[in-house]
Amino acid sequence: MSYAIDKLRVAAREHLIPGVLFRVRAALRHVPDANLYSPHLQPWRAPGPFRTAYKEIRARSLVAPEQAWILYSLARQAAVLPGDFLEAGVYRGGTARLVRTLFDTVPRPGRKLHLFDTFAGMPATDPTRDFHRKDDFADTSVEAVSSFVGKEDWIQYHAGLIPETFKGLESMRIAFAHVDVDIHRSSLDCCECIYPRLLQGGIMLFDDYGVASCPGARA
């Protein structure tokens, strides 16, 4: 249905079919959630827990609503597994808070949310691979993030450099990991530390893979 409506819209713009725009509008009146088509389905615009949560975090995150929707949806899918949740690259805590709101609606027996970041900006980067430079995104701190995300015992903050901050967590089992570290070395370290601990059916989501400013992360 969405594809057919898109074709009608294109035809209307090009004036190929007289009156087609009227028929598109008439057709949309019979499409469930028609207000979410612009021109493609945009479920993140629908009223509900995600939309409420995203409004709360959007000023503290660089993640667009469609990216946040994917993160939220995959985290919700992984919540059926018994393992911990993890975010590497927390910045000001926007997406960490989004995941935390999910925990308010799904069972969380013994589950922890691990948050890894320098909480002081980018470490030294590789100028042959990365566009970011040392001290980018330094406008954050553990205190500010924990005040926003939460200070409960099941939310654990790991301040410092990956992979040093993974030491002591060798027995951790991970259901969901969101990796948003931007640069090559940190992305590689996350792969090496997280993937072996990922449960069967677990999800490891990379924010930076298709981002033009993060070629090192993609590499």
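Just the residues that are open to solvent by 40 Å² or more (accessible area, probe 1.4 Å), closer than 21 Å to A68 by Cα and touching a residue at least 40 places away in the same chain (Cβ under 8 Å), please, taken from the range 178-213.
G201, S213 - these are the residues of the range 178-213 that are open to solvent by 40 Å² or more (accessible area, probe 1.4 Å), closer than 21 Å to A68 by Cα and touching a residue at least 40 places away in the same chain (Cβ under 8 Å).
Could you tell me how many of the residues in the range 77-133 are part of a loop (DSSP other than H, G, I, E, B), at pLDDT 95 or above, closer than 21 Å to Q67 by Cα and of a type in the set (S, T, N, Q)?
Residues that pass the stated criteria total 0.
Within the bounds of the range 130-141, is there any residue that is touching a strand residue (DSSP E or B) at 6+ places or on another chain (Cβ under 8 Å), in contact (Cβ under 8 Å) with a residue 60 or more places away in the chain and among the β-branched types (V, I, T)?
No, the range 130-141 has no match at all.
I need the full set of residues from the range 64-78 which are touching a helix residue (DSSP H, G or I) at 6+ places or on another chain (Cβ under 7 Å) and open to solvent by 10 Å² or more (accessible area, probe 1.4 Å), in order please.
Listed by number, the residues that qualify are P65, E66, W69, Y72, R76.
Out of R173, R218, which single residue is closer than 24 Å to Y72 by Cα, under 17 Å from the mean Cα position of the chain (by Cα), open to solvent by 40 Å² or more (accessible area, probe 1.4 Å) and among the charged types (D, E, K, R)?
R218
Restricting attention to the range 32-53, which residues are open to solvent by 30 Å² or more (accessible area, probe 1.4 Å) and under 19 Å from F176 (Cβ atoms)?
Passing the criteria: W44, P49.
Here is a check on your reading of the model: is R100 touching a helix residue (DSSP H, G or I) at 6+ places or on another chain (Cβ under 8 Å), within 24 Å of S147 (Cβ to Cβ), surrounded by fewer than 21 Cβ atoms within 10 Å (Cβ to Cβ) and in contact (Cβ under 8 Å) with a residue 40 or more places away in the chain?
Taking the combined requirement at face value, the residue does not satisfy it.
Hey, does the range 121-131 have a residue that's open to solvent by 30 Å² or more (accessible area, probe 1.4 Å), touching a Lys or Arg at 6+ places or on another chain (Cβ under 9 Å), within 23 Å of G202 (Cβ to Cβ) and of a type outside the set (V, I, T)?
Looking for residues that are open to solvent by 30 Å² or more (accessible area, probe 1.4 Å), touching a Lys or Arg at 6+ places or on another chain (Cβ under 9 Å), within 23 Å of G202 (Cβ to Cβ) and of a type outside the set (V, I, T), one finds none in the range 121-131, hence no.
Just to confirm my filter: which strands (runs of 3 or more DSSP E) fall fully inside the range 149-207 and include at least 1 residues that are among the aliphatic types (A, V, I, L, M) and touching a Cys at 6+ places or on another chain (Cβ under 6 Å)?
174-179
Which count do you get for residues in the range 60-74 that are without any contact (Cβ under 8 Å) to a residue 24 or more places away in the chain, part of a helix (DSSP H, G or I) and either under 25 Å from A144 (Cβ atoms) or not polar (S, T, N, Q) (or both)?
Total satisfying the criteria: 1.
The values are calculated or read from the model by the stated rules, or taken from the named source; none is laboratory data. For clarity, every value in this text was computed on a predicted model and none was experimentally measured. No Cβ is skipped: glycine too gets one built from the backbone with ideal geometry, and neighbour counts run over all protein chains shown. Protein only, heavy atoms only, side chains kept; ligands, DNA and RNA dropped before computing areas. Shrake-Rupley method; radii C 1.70, N 1.55, O 1.52, S 1.80 Å.
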